[in-house]
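The values are calculated or read from the model by the stated rules, or taken from the named source; none is laboratory data. Note that the coordinates shown come from a computational prediction; the quantities given were computed from them, not determined experimentally. Heads up, the Cβs are rebuilt from the backbone with ideal geometry, glycines too, and the neighbour counts pull from every protein chain shown.
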2 protein chains.
Amino acid sequence: MTDSKTTPRNTTTRRRDGTLRSCLVEAGITILQKKGTDGLSLRECAALAGVSHAAPGYHFKNLTGLYTAISARGYELFAAAMEARRNEARDSAPKARLLATCEGYLDFAAEHRELFLFMFSGQEIDSGNTHFEAASTRAYEILRETCAPFVHADADPEEIELLVWSLIHGYTHLAMVNKKRQGSISTALPMLPDLLKHLDLNTQNKDPNQA
Amino acid sequence: MTDSKTTPRNTTTRRRDGTLRSCLVEAGITILQKKGTDGLSLRECAALAGVSHAAPGYHFKNLTGLYTAISARGYELFAAAMEARRNEARDSAPKARLLATCEGYLDFAAEHRELFLFMFSGQEIDSGNTHFEAASTRAYEILRETCAPFVHADADPEEIELLVWSLIHGYTHLAMVNKKRQGSISTALPMLPDLLKHLDLNTQNKDPNQA
DNA sequence: CTCCGTAACTTGACACTGTCAAGATACCGT
DNA sequence: ACGGTATCTTGACAGTGTCAAGTTACGGAG
């Protein structure tokens, strides 16, 4: 956010380092947060980045390309938010770490409501895109690691993962959809422990850890 | 003029009964299902209903109005799907009725994937609209009734409702978002009982330990 | 039966959007 | 110094939401 309406860069300089690409993604996220999904467009991203209206079409082939790049960036922020919370509880019990990860889940959604909704809106994206694939896989890995202590020896990890993921995602998503007011996070976060306690999660035979 | 391929109605008849309004909503749902949210527009609805491009603007003031009407209709279908499943298990135990209701939840999403995603996309709607309010409240009531047997005497009903709703919504929503292939329902439905069994739902006595 | 008010549209216009084709330009290697 | 190419810009077109103004036909008043 340098100058008045746009970023007044020398019209004569072309960048060979992919700066504009990430600038456009960042602009897209800004627009998303400020004006919602409806306000997001290739031309607005271009305007906010201070380039011509067709410039985004060069880096991302089309709208789907921009959406894919924004989602990929979203998953990076998503993973970072969960890791930040989890690292705070690094040496705690598995259940405390699970709670922390879920709090990170909520953190991200609350801080980037429109981006979160956009990522899970079912919008068409280039599912083959490697950057997107890596970022989303990484986010899922965090969940998987946090669930691992609760998976019994002969059980399928996916069942526990799906259970936890469904609960935290549903809880978060409903909170973001149902309340226009961002303040919902202030009530949603403290209620998390009360929700999770209803799950019958036990660490495997090794440590019959309580609570 | 109106001899277009769609609904060839007499150009000379104007309807005073609100037929066109519901026709436009139905057209919108059809477009949603066929071409996704991106393909949904006021002008396409008008074309599919065989009227001029600005006709929808008269009944729904703007896009938000159309979205609200479509969502309201969606909640009617939503409630109907849950009731259909629950009525099949009318005389069963509370847990069986809960499972049935959740199956109805999945039924609706699988049968109207794009509509379901649209309803929970966070799109701006006229939240004051009475029709929408009634329809969405009705759908929530079904969930509430199904959860009632599991609410202890001195407990807040919302906690159990939020628990169940979050789980089934998250499970369904993730299934719809993550898989483009509609076939996901064939695997999602049979896994429902395995998910629900992880919840510590008891009908009467307070028992902090798992069942 | 006529006539008129108004509900239910239609027509036309404007600003905005995505997307493509073609042009311009500055940096790089040679 | 020079040509090639990556990186944009300019221009155009079809499609969109939305508003203003026009048109028509039905219901009721007389």
Residue by residue through region B:140-178, note down the ones that are surrounded by fewer than 19 Cβ atoms within 10 Å (Cβ to Cβ), away from chain A (no Cβ under 11 Å) and of a type in the set (A, V, I, L, M).
B:ALA148, B:VAL151, B:ALA153
So A:SER121 fits all but one of (1) on the phi > 0 side of the Ramachandran plot; (2) in contact with a Leu (Cβ under 7 Å, 6 or more places away or on another chain); what number is the exception?
(1)
Report yes if B:THR130 is among the polar types (S, T, N, Q) and within 26 Å of B:PRO193 (Cβ to Cβ), otherwise no.
no
For region B:77-122: of the residues being of a type in the set (Lys, Arg) and away from chain A (no Cβ under 14 Å), which is surrounded by the most Cβ atoms within 10 Å (Cβ to Cβ)?
B:ARG86
Within region A:40-53, track down each residue that is surrounded by fewer than 20 Cβ atoms within 10 Å (Cβ to Cβ), over 17 Å from A:ALA69 (Cα atoms) and within 12 Å of DNA strand C (Cβ to nearest atom).
A:ALA47, A:SER52, A:HIS53
For a quick check of your reading of the model, give me the residue pairs whose first member lies in region B:41-63 and is closer than 16 Å to B:THR30 by Cα, whose second is within 7 Å of DNA strand D (Cβ to nearest atom) and outside any loop (DSSP other than H, G, I, E, B), with beta-carbon atoms closer than 6 Å and at least 6 apart or on different chains.
B:PRO56/B:LEU42
Given (1) at pLDDT 95 or above; (2) of a type in the set (S, T, N, Q); (3) more than 13 Å from DNA strand C (Cβ to nearest atom), identify the lone condition not met by A:SER92.
(1)
Residue that is within 14 Å of chain A (Cβ to nearest Cβ), of a type outside the set (Val, Ile, Thr) and at positive phi, where the choices are B:GLY74, B:GLY36, B:GLY50:
B:GLY36
Filter result for B:ALA46 (more than 20 Å from B:MET176 (Cβ to Cβ), touching a Pro at 6+ places or on another chain (Cβ under 7 Å), at pLDDT 95 or above and assigned to a helix (DSSP H, G or I)):
yes
Of A:SER136, A:SER186, the only residue that is modelled with pLDDT of 95 or more, part of a helix (DSSP H, G or I) and either within 14 Å of A:GLU103 (Cα to Cα) or within 10 Å of another protein chain (Cβ to nearest Cβ) (or both) is A:SER136
Can you find a residue that is within 11 Å of DNA strand D (Cβ to nearest atom), modelled with pLDDT of 95 or more, out of contact with any Asp or Glu (no Cβ under 9 Å at 6 or more places or on another chain) and among the hydroxyl-bearing types (Ser, Thr, Tyr) anywhere in region A:14-22?
yes
Restricting the search to region A:101-133, which residues are in a loop (DSSP other than H, G, I, E, B), touching an Asp or Glu at 6+ places or on another chain (Cβ under 9 Å) and of a type in the set (Ser, Thr, Tyr)?
A:SER127
So which residues in region A:26-39 are within 14 Å of DNA strand D (Cβ to nearest atom), surrounded by 16 or more Cβ atoms within 10 Å (Cβ to Cβ) and closer than 14 Å to A:PHE118 by Cα, if there are any at all?
A:GLY36, A:THR37
Testing A:GLY74 on (1) part of a helix (DSSP H, G or I); (2) within 16 Å of DNA strand D (Cβ to nearest atom); (3) among the small types (Gly, Ala, Ser), one condition comes back false. Which one is that?
(2)
